[in-house]
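These notes are about the structure you will find just below.
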Amino acid sequence: MLNNDAGDALRNAAIAVKDGCILDIGSHDLLASHYLPRRTIGSDDHIAMPGLINTHNHTILAHVRGRVEDLGFAPAYIAGVPQGDDLSPEEAYLLARLGVFELLRFGTTTLVDFYRHPEALARATAEAGLRGFIGGRIMDADMCQIKHGKHCYNSSLGQKMLEETENFIDRWKVRNDLINPAIGFHAADTCSTTLLAKVAALALETGLSVHTHLHQSQRELKVVLERDGCRPIELFNRLGMLGPHLIAGHCIWMQPEDIDQIGSSGTSVAHSPIGNATHGAIAPVLSMEAAGAHITLCTDSKSGDMFEAMRCAVQVARIDGAGFSFGAERVLRWATQGGATALGLNNVGSLIKGWKADILLLNSMIPNLRPLHGGPGLIVYSASGGNVDYVVVDGKLVLDAGQPCHFDPKEVIQSAQLVAERLWATAKFS
């Protein structure tokens, strides 16, 4: 039996679900004697665990995978890569569906997604039945110039994107119980200082979760230092942007004083070990956690498999000197309870009576999960998204024996393929 007190994983146990919540946990015989279920899913060969909480994604960017990893650290800075402005709202929706499908299939039950066309992101997430924190991509830099190393800002563009976010917030704040509007701005170097101040004011006014990239590249640090006379995290602090409401992606190039600042502010970090390692970088997440920062886990746009991200997080931490003091139990909490806390979800992230029923059932009859023994180490070091058979979100079944419940997977894949082919056929590499 896999089990621990934090509700990380259960085997040979049944979970009763009612009205979106975990009603009871116990042996199958005991629960069967107390309740008359309308349906039972899974078997003795399944491991139950909390749904995974993926705190930093751009699902629309699924079309860049396999084409940009050898070119640079982020698609937005690479010449010739199709961007959000190259997409119609419908094309953005078709690509978002593919990205959300991948996350669902591999066990993400709550996702953070921010990019251009937030309406498309929210629509795709809602239709799949996932819990989402969705935002646009606020910025006012001319991305055509950025790809050639020049930072020029367009105040009209920034105002337009800010208004798009405000309108999106108004449309979705009471529209869907699972979809939460959020504020997403790209980065300190792609937003002018004036625009960043407006974003900070919007965050204060709305109290919404805020998401961005922070200290992702040396280039970002150089641009902000030359423009504002300080490092990005210092700029955020001046503007009142640091704090528990902010989830900052990457946080790679952190000096000791930066680590102290992010820790003392209680800011959350969306750790992206796969994306960081792909361009040869390791974020000092354990130092940030020790300083007081809240660590969460994400896949970003390089992979939808949070099991892979958990493994990679342990591997890069040990390469960075953590040794065996850091392991499976801690990283599994980053991927579940850590994300829930950062997003203000007080009853998500564990298998606990009365909490929201966001549950995965992993198939242990696939040989990578045999022999069964131990605790969270088996999940972190051996499981993959391919083990996910069933996904329940808010008490509702959204993945049934590996098949999505609310859309045709073949149609989603084919539609996204056509959009990607059109984008790359018309891409300009100059």
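At a glance:
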| read-out | value |
| --- | --- |
| Residue list for segment 150-189, filter: part of a loop (DSSP other than H, G, I, E, B) and touching a Phe, Trp or Tyr at 6+ places or on another chain (Cβ under 9 Å) | 182, 188 |
| Residue pairs meeting the criteria (Cβ under 8 Å; at least 6 apart or on separate chains; first aromatic (Phe, Trp, Tyr), in segment 154-179; second open to solvent by 50 Å² or more (accessible area, probe 1.4 Å)) | 168/119 |
| Condition broken by residue 165, with the remaining ones in (1) in contact with a helix residue (DSSP H, G or I) (Cβ under 6 Å, 6 or more places away or on another chain); (2) crowded, with 19+ Cβ neighbours inside 10 Å satisfied | (1) |
| Of all residues making up segment 397-425, the number that are without any contact (Cβ under 8 Å) to a residue 12 or more places away in the chain and either on the phi > 0 side of the Ramachandran plot or among the polar types (S, T, N, Q) (or both) | 3 |
| For residue 70: the one exception among (1) in a helix (DSSP H, G or I); (2) under 22 Å from residue 218 (Cβ atoms); (3) open to solvent by 20 Å² or more (accessible area, probe 1.4 Å) | (1) |
| Close pairs from segment 317-328: first hydrophobic (A, V, I, L, M, F, W, C), partner open to solvent by 90 Å² or more (accessible area, probe 1.4 Å), Cβ under 9 Å, at least 6 apart | 328/381 |
| Number of the exception - residue 390 against (1) farther than 28 Å from residue 39 by Cα; (2) open to solvent by 20 Å² or more (accessible area, probe 1.4 Å) | (1) |
| Test: residue in segment 96-109 that is under 17 Å from residue 187 (Cα atoms), among the hydroxyl-bearing types (Ser, Thr, Tyr) and open to solvent by less than 10 Å² (accessible area, probe 1.4 Å) | no |
| Flag for residue 370 being closer than 25 Å to residue 113 by Cα and open to solvent by 20 Å² or more (accessible area, probe 1.4 Å) | no |
| Matching entry among 346, 368 (being touching a Ser or Thr at 6+ places or on another chain (Cβ under 7 Å) and outside any strand (DSSP E or B)) | 368 |
| Evaluation of residue 358 against (1) within 23 Å of residue 20 (Cα to Cα); (2) open to solvent by 50 Å² or more (accessible area, probe 1.4 Å) (one fails), failing number | (2) |
| Any pair with Cβ under 6 angstrom, 6 or more apart, that starts in segment 371-396 at a residue that is in contact (Cβ under 8 Å) with a residue 60 or more places away in the chain and assigned to a helix (DSSP H, G or I) and ends at one that is among the aromatic types (Phe, Trp, Tyr) and open to solvent by 40 Å² or more (accessible area, probe 1.4 Å) | 385/106 |
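The values are calculated or read from the model by the stated rules, or taken from the named source; none is laboratory data. Keep in mind it's a predicted model, so treat the numbers as computed, not measured. Don't worry about glycine lacking a Cβ; one is built from the backbone with ideal geometry, like all the others, and counts go over all protein chains shown. Areas reflect the complete protein model, heavy atoms only, side chains present, ligands, DNA and RNA absent. Shrake-Rupley method; radii C 1.70, N 1.55, O 1.52, S 1.80 Å.
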